[in-house]
Amino acid sequence: MKTTFDIPEPLVKEIKRIARERGVTARAIVQQALTRVVEEASTEKSFRLPDASVVGWSAMEQTMRGRVERDRGLHDLVLQSYER
């Protein structure tokens, strides 16, 4: 199948240089590169963060719960912990 792509001129020059060095066509270099990208994409594993959630408000230590209720809130308490 024939398709047209716009490729930046510096990249085209580099493709042609590599093709000359390898004794193949620029088309062959582009096909190899695209094939590699497609193969890598099909074998990539998706990244998934482990579940690090907590049970909730009841899981927080009583002393911390008191500070959160007394102070401005959990968000501010967390920010304050970074200021120390």
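Readers should treat all values here as calculations from the given coordinates under stated rules, not as data from a laboratory. A quick note: this is a predicted structure, and the numbers were derived from the prediction, not measured. All Cβ positions, even for glycine, are placed from backbone atoms using ideal geometry, and neighbour counts span all protein chains on display.
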inquiry  = Taking the conditions exactly as written (loosely packed, with under 10 Cβ neighbours inside 10 Å, among the aliphatic types (A, V, I, L, M), in a helix (DSSP H, G or I) and at negative phi), does ALA41 satisfy them or not?
reply    = yes
request  = Run down VAL30, VAL12, VAL24 and say which single residue is part of a loop (DSSP other than H, G, I, E, B) and surrounded by 10 or more Cβ atoms within 10 Å (Cβ to Cβ).
outcome  = VAL24
message = Consider the stretch 1-47. How many of its residues are within 25 Å of the chain's Cα centre (by Cα) and of a type in the set (D, E, K, R)?
response = 5
